[in-house]
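Let me begin by presenting the structure, written as structure tokens, before commenting on it.
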Amino acid sequence: MNQKFVAVLVLFLFCFAGFASAQSVPVCNAKVDLMFVLDSSLSMRNGGKIQAVQQAAENFVNIFALDPVSRNNVRIGLVTFACQAWQSQQLANLSNFAELTSLNNAIDRVDEELSEMTNLEDALLVAQADLNSYGWPDAQKVIILLTDGNPTINSDQSTCMNLVNPTPGT
């Protein structure tokens, strides 16, 4: 993974350095491009995990959208994954109501896309490519991964395609 991608901890160091109390809304003064990577494998259906992930992502988005400084400095996108990964939402400018609404709608639809397998490798590659292609050149790049387990498949797309369209007679 490229060193440009930083852990969530670094996001908090950049954004919350001036965060004084639990009652305050966090302010992010640094430019940040953040990509949520959400597991939409079938195992997420069990025990309300997918709903918890959706709620956590929406809460995180809305915290930054509430602050006038943060919403101009933080852009958030969404990659979902199961057997394959796909960009569900390109980086959204939180100060643009239409883009913010589109992001929240994409998060709401994650539970409609549940399928077999967990291709974590593909998900991280798609997130990294999106951040490299669409990210601000001067922004910190952050990936937040929300999953319930270990990868069960790698980026070999032929394996995924065989699951979706099995060869007749196999």
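The values are calculated or read from the model by the stated rules, or taken from the named source; none is laboratory data. Here the structure is a predicted model, which means the values were calculated and not measured. When we count neighbours, we look across all protein chains shown, and the Cβ atoms used for this are built from the backbone with ideal geometry, even at glycine.
List every residue pair whose Cβ atoms lie under 9 Å apart, where the two residues are 6 or more positions apart in sequence or sit on different chains, the first residue falls within region 34-55 and is farther than 16 Å from E116 by Cβ, and the second residue, located anywhere, is surrounded by 19 or more Cβ atoms within 10 Å (Cβ to Cβ) and charged (D, E, K, R).
If the second residue must be surrounded by 19 or more Cβ atoms within 10 Å (Cβ to Cβ) and charged (D, E, K, R), the pairs left are L34/R75; L34/K141; M35/D130; M35/K141; V53/D39.
For region 46-130, please list each of the helices (runs of 4 or more DSSP H) lying entirely inside it that holds at least 2 residues being β-branched (V, I, T) and surrounded by 15 or more Cβ atoms within 10 Å (Cβ to Cβ).
Hits in region 46-130: 49-66.
Only one of these conditions is not met by V27: (1) surrounded by 14 or more Cβ atoms within 10 Å (Cβ to Cβ); (2) at pLDDT below 85; (3) assigned to a helix (DSSP H, G or I). Which number is it?
Checking V27 against (1) surrounded by 14 or more Cβ atoms within 10 Å (Cβ to Cβ); (2) at pLDDT below 85; (3) assigned to a helix (DSSP H, G or I), the one that fails is (3).
Collect the residues in region 96-130 that are under 14 Å from L145 (Cα atoms) and out of contact with any helix residue (DSSP H, G or I) (no Cβ under 9 Å at 6 or more places or on another chain), keeping them in residue-number order.
Within region 96-130, L120, E121, A123, L124, L125, V126, A127, Q128 meet the criteria.
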